[in-house]
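Just below is one structure, and these are the notes that go with it.
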Amino acid sequence: MGVQIESLAKSFGAVDVLKSITQTFAESEISVLLGSSGCGKTTTLRCIAGLERPTGGSVTISGRRVSSVTPNVWVPIEQRRISMVFQSYAIWPHMTVAENVSLPLKAAGVPRPDIARRVKQTLDIVGLGAMADRSATQLSGGQQQRVALARCVVSDSPVILMDEPFSNLDASLRVAMRAEVKELQQKLNRTVLFVTHDQEEALSLADTVFLFRNGDVVQKGAPRDIYDHPASRYVAEFLGKANILASDAPAERIAALIGDGAPYVAAGQSLCIRPEKVAIVGPGKDTLPGRIEFAMFMGDRSEYRVVTALGPMTVIETNLVSRKAGDEVGLRVRASDARVVDDGN
Amino acid sequence: MMATEIHAAGSVTRRLPRPSGTVLLGTLGVIIVCGLIGLPLVAMLGKAVAGNGGWSALVRPMGDFIYWQALGNTIVISGGAAALATLLGTVLAWLFVRTDIFGGRVMEQICQVPIFIPAFVGAVAWVLLAAPRIGILNRIMVWLGLDIRFDIYTPTGMLWVMGIYLAPYVMMIVAAALRSMDPSLEEAAQISGLNKSQTALKVTAPLLAPAIASGAGISFAIALGLFGTPMVLGWSRQVYVLTSRIWMASQTVPQSYDLMATLSIYLLVLSSLAVFVQNRLLKGRQYFTVTGKGFRPRPLELTRWGRWLGGGFAQLYLLLTVVGPIAVLTVAAISSYTWSGQMSAQNLWARLATGDVVQAIRNSLVLSVSASTLGVGLAILFSWILVRSRVPGRGALEYLLLLPISVPGITFGVGVLLFWIAVPLPVYGTSLIIVFAFVGRFMAYAVRSITASLGQIHPELEESARIFGYRPLRTFLAITAPLILPSIITSWLLMFSFCMTELSMVILLYTSNTRTISILVFELWGTGDFSHLAAISLLQVVIGLVFMAIFKLYSSRTSLGH
């Protein structure tokens, strides 16, 4: 069950936006479709919703084939039993909050008294119980977002699609909504497909991350796996920060930084080291010497840029020790924290 | 507007996938647009060319001096009218927006009234004011013993009447430009060391030039197409313009269709040229509307005298276009015969309560309501196709839909006439042909307004309704239609008021059963019964003003609401 796409392709004129993707988005999980703009993640979501007509392949939702090019199958949008949160919220401005939330039930032909009851229940769940009769235009961004969520909750579609739902919210609200969506999903147990370009959002929300690039999925996996074991330099740099050491970096310097266990890096590969895996020790033997170029204090941690013989390296450290620009330091990395990645995709 | 507040999405290009029905809808749309707009224009061109002798037929009238004269008159009078309108409109706009004259805000609204007074009616009023013998101003001069005489039956008189009634168009365009001009542009110039007059010359004027040029172009194009005004003012001294010549060609027996078509093409070329030049002038020079913000620049503080002078100018303008004409029409309408001094409201009622008038009002209402309703309905369909669908050839469709805006009314009327004569369907000679002409010519205004409004509705609002289970039609009725309702209603009102006062197309298409109020006014002018004429004209003014009031009230309510 869940959502399957098979050889899904979409081109606009001569531009191939999706290049034959085959993936399964598991039932009752949050699948995050992550990538930079133009990578095909939103197009994938819109093909699943039926808002775009794929030029190749098929889409299956909850075991029902809703779209396929050969044989020709096309289930209209309104019959796909999905719900969706849009980037613009898409709250109907001429309706009240309650009317907005009741539309999915009206569409399904639910009797009137039941509609009122279920709308009230749902608004209580998302914390808008007191706002039922407000005009939708009087709501703040965060409240509109909740109305959009309420519409998904009230319809009993098994699949919820979310297209960059938080990109218009300010940073602190975004973090709060993230937690709320996660909690709601665990309570309702629905299949969620969540599109975002924000890697932090992806890592914190996902059960499985699907990383898109140029119309294809370049890596999928649990957030921690994909973070710790990036398949390529692109993935490493897109997900979180990374220090990249090319294959032609001087071996003795690498040895100073990592020690004898440093992995072998072939041509066309690089070494990837996460900034928080770099330890700052006093300058001395068996370390890579460097000097702090500048320090950015971030409250719970600090980010340093350290100039070394291997080039500038980014280091993130909890604030047990206070350091400042100009300090001479030595850097050290455990061999198991240095990952070999391909330079390509 | 309500939708734009929360979804101020700029260019909205995302479209729904093409449902199979859209192709059918598109085909139907093409047929309708061709029938209403494309083919009439083709029929006109065809008649002019194929009638006799191919392309050379197009220049044949030019062998006759009277048509050179008509062309010259058209250019001179329209050009003069446009110049006068531009001057008046720009001064008024500047006074209202940038100075502190008394009651500027209110006066600005009132100065839009002339737009709603049919041009033909304004001309009739000015005949009563300034015609050589019956003009009341001349009588006053005689009474005062002054040796000043006015003569409205001259080219100067014609361009005067046209110009003063076209000034509000320029005023509205220039006032909007002045409002959207960021005052910091002028402030920056002053900080950079320019004094006030240098700033006005080097910064304000160039920034304003496109708007003024656009106002001039629009008033020139409208003046070209005017029919009633040059007829009323030019007839007695044989000052004919192209529109008068086209009508005269329709009065010969048999009708000279070839000549009508050829002269219409001249008119079309002139107005296309005006639109083209205006577009060229504006190209890449639209400094305004970039931010879409409204500014309230600090008004220039006039001296006491300045405030009186400025206010007096605006009041004089209103006296000449609204108060004077309405007063003179009223006096004439309630007098037992013109300037008899015997006045009674009885006279007015007696003149209005005839079978002719009642029938004309009924015809006007039926034709205008049908045309506006059909036109707005089609405009909704076409706007949806233009903004939301992926039907190929949308660009051509949009061009064709908006084309009639730059086609003079009488030209369009000739096209409609020739097309339906050639088509073996019982349309020619019925009220249907007038409805088709109205829809074809005026639908463009509705299309422009509704596409703009639809473009402001984020597609996700429709997409989400589909996602949550509404079929396309239900989505349109429950989501799209309510959101674009204000533009639907204002378009309907606008089309209705255009149709109610239309003369230059109906004059070629009506029969004794389909006479409208405008036709009645025109016929009464022909008989020379000025008291009767004044009564019906007054009625048209009242209808115009009522509609302006409804229109203004409605648009202010919708822009204030939400």
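Below is a table of values for the structure above.
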| read-out | value |
| --- | --- |
| Some residue of the stretch B:179-193 being closer than 30 Å to B:I410 by Cα and β-branched (V, I, T) | no |
| Close pairs from the stretch A:268-290: first open to solvent by 50 Å² or more (accessible area, probe 1.4 Å), partner at pLDDT 90 or above and basic (K, R), Cβ under 6 Å, at least 6 apart | A:V281/A:R332 |
| Index of the failed condition, A:P54 passing every other in (1) touching a Leu at 6+ places or on another chain (Cβ under 9 Å); (2) part of a strand (DSSP E or B); (3) more than 7 Å from every other protein chain (Cβ to nearest Cβ) | (2) |
| Selected residue (only one of B:I77, B:I37, B:I32 is modelled with pLDDT of 85 or more, in a helix (DSSP H, G or I) and either among the charged types (D, E, K, R) or surrounded by fewer than 20 Cβ atoms within 10 Å (Cβ to Cβ) (or both)) | B:I32 |
| Within the stretch B:162-274, helices (runs of 4 or more DSSP H) holding 1 or more residues that are more than 30 Å from B:G46 (Cα to Cα) | B:183-191, B:196-199, B:205-225, B:228-234 |
| Options B:S555, B:S497, B:S537, B:S512: the member that is open to solvent by less than 20 Å² (accessible area, probe 1.4 Å) and either part of a loop (DSSP other than H, G, I, E, B) or small (G, A, S) (or both) | B:S537 |
| Check on A:I77, within 14 Å of chain B (Cβ to nearest Cβ), hydrophobic (A, V, I, L, M, F, W, C) and under 22 Å from the mean Cα position of the chain (by Cα) | no |
| Wholly enclosed helices (runs of 4 or more DSSP H) of the stretch A:81-192 bearing at least 1 residues over 22 Å from B:E463 (Cα atoms) | A:112-125, A:171-188 |
| Extreme residue, surrounded by the most Cβ atoms within 10 Å (Cβ to Cβ), among residues of the stretch A:213-236 that are assigned to a strand (DSSP E or B) and in contact with a strand residue (DSSP E or B) (Cβ under 6 Å, 6 or more places away or on another chain) | A:V217 |
| Qualifying position, being within 12 Å of chain B (Cβ to nearest Cβ) and buried (at least 17 other Cβ atoms within 10 Å of the Cβ), among A:C39, A:C47 | A:C47 |
| Breaking point among (1) of a type in the set (D, E, K, R); (2) over 24 Å from A:H94 (Cα atoms); (3) open to solvent by 20 Å² or more (accessible area, probe 1.4 Å), for A:R146 | (2) |
| Index of the failed condition, B:G375 passing every other in (1) at pLDDT 80 or above; (2) surrounded by fewer than 15 Cβ atoms within 10 Å (Cβ to Cβ) | (2) |
| A:V126 surrounded by 15 or more Cβ atoms within 10 Å (Cβ to Cβ) and either of a type in the set (D, E) or within 13 Å of another protein chain (Cβ to nearest Cβ) (or both) | no |
| Which listed residue is acidic (D, E), without any contact (Cβ under 8 Å) to a residue 24 or more places away in the chain and over 15 Å from A:V159 (Cβ atoms), from A:D133, A:D124 | A:D124 |
| Filter pass, B:L403 being open to solvent by 10 Å² or more (accessible area, probe 1.4 Å), in a helix (DSSP H, G or I) and out of contact with any Leu (no Cβ under 9 Å at 6 or more places or on another chain) | no |
| Qualifying residue in the stretch B:444-461 (condition: within 30 Å of A:N100 (Cβ to Cβ), of a type in the set (S, T, Y) and either away from chain A (no Cβ under 14 Å) or open to solvent by less than 10 Å² (accessible area, probe 1.4 Å) (or both)) | yes |
| Output for the stretch A:86-101, where each listed residue is more than 9 Å from every other protein chain (Cβ to nearest Cβ) and buried (at least 24 other Cβ atoms within 10 Å of the Cβ) | A:V97, A:N100, A:V101 |
| Those residues of the stretch A:321-345 which are under 31 Å from the mean Cα position of the chain (by Cα) and in a loop (DSSP other than H, G, I, E, B), in sequence order | A:V333, A:R334, A:A338, A:D343, A:G344, A:N345 |
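Residues are listed down the side, and each one gets a yes or a no for (1) within 23 Å of A:G221 (Cα to Cα); (2) touching a Ser or Thr at 6+ places or on another chain (Cβ under 6 Å); (3) modelled with pLDDT of 95 or more:
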{"position": "A:T44", "(1), (2), (3)": "yes, no, yes"}
{"position": "A:I48", "(1), (2), (3)": "yes, no, yes"}
{"position": "A:T70", "(1), (2), (3)": "no, no, no"}
{"position": "A:R81", "(1), (2), (3)": "no, yes, no"}
{"position": "A:H94", "(1), (2), (3)": "no, no, no"}
{"position": "A:P111", "(1), (2), (3)": "no, no, no"}
{"position": "A:D124", "(1), (2), (3)": "no, no, no"}
{"position": "A:G129", "(1), (2), (3)": "no, no, no"}
{"position": "A:A136", "(1), (2), (3)": "no, no, no"}
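Residue-wise test of (1) within 14 Å of another protein chain (Cβ to nearest Cβ); (2) modelled with pLDDT of 90 or more.
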| position | (1), (2) |
| --- | --- |
| B:F468 | yes, yes |
| B:R471 | yes, yes |
| B:A478 | yes, yes |
| B:L483 | yes, yes |
| B:P486 | yes, no |
| B:W492 | no, yes |
| B:M505 | no, yes |
| B:L508 | no, yes |
| B:T514 | no, yes |
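The values are calculated or read from the model by the stated rules, or taken from the named source; none is laboratory data. Just so you know, these numbers come straight off a predicted model, no measurement behind them. Methodologically, a virtual Cβ is constructed for each residue, glycine included, from the backbone with ideal geometry; neighbour enumeration extends over all protein chains shown. Accessible surface areas use protein heavy atoms only, side chains included; no ligands, DNA or RNA. Shrake-Rupley method; radii C 1.70, N 1.55, O 1.52, S 1.80 Å.
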